[in-house]
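The structure appears right after this line, and notes come after that.
Here, each number is a calculation from the coordinates, and none is a lab measurement. Predicted model only: the values in this text are computed from it and were never measured. Neighbour counts run over all protein chains shown; Cβ positions are idealised from the backbone, glycine included.
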Amino acid sequence: MISINFTLVVQLVNFLILLVLLNYLLFRPILKVLDDREKLVKDSSELKERLGALAEENMSEYESKLHSAKQESMAIRAGGRSESLVQFRQIVQETKTENVQELEKARGVLKEEAERSRKVLQSESENLAVQIASKLVGRSVGGKA
């Protein structure tokens, strides 16, 4: 049977002292490390969520800026294209105008040459007609012969 004596009290005191010592030297530091680890995991998880949200926000902002830059680029290209088209049409119109002027000038020169040639041919044909008539008639006929 179990007898209650002084050794039981000593063992009980020893056990309590051991519990207090283990609590201060072992359990509290281990629990503190476990709490710190849990806090670190929780903070890391929150940081991951914040960084993920920030990354999504930055990505959507980047895509928005990229889209607006593409639209601006297309507008600039369209503006450049329409400006080039206007300049092209203007150059074509100027060239047509210059060609019409040169053509009119060439027609004027041609008309003058034709008129001059006509006068020369008319006077030569009259002289030739007088010469032919003179030879046919055998004497000088009212012209220069």
message = Looking for something among the β-branched types (Val, Ile, Thr), surrounded by 10 or more Cβ atoms within 10 Å (Cβ to Cβ), out of contact with any Pro (no Cβ under 9 Å at 6 or more places or on another chain) and closer than 30 Å to Leu22 by Cβ - is there at least one such residue anywhere in the range 103-122?
response = no
query = Within the range 87-102, can one find any residue that is part of a helix (DSSP H, G or I) and surrounded by fewer than 10 Cβ atoms within 10 Å (Cβ to Cβ)?
reply = no
ask   = Out of all the residues in the range 131-145, is one or more touching a helix residue (DSSP H, G or I) at 6+ places or on another chain (Cβ under 9 Å), part of a loop (DSSP other than H, G, I, E, B), of a type in the set (D, E, K, R) and at negative phi?
value = yes
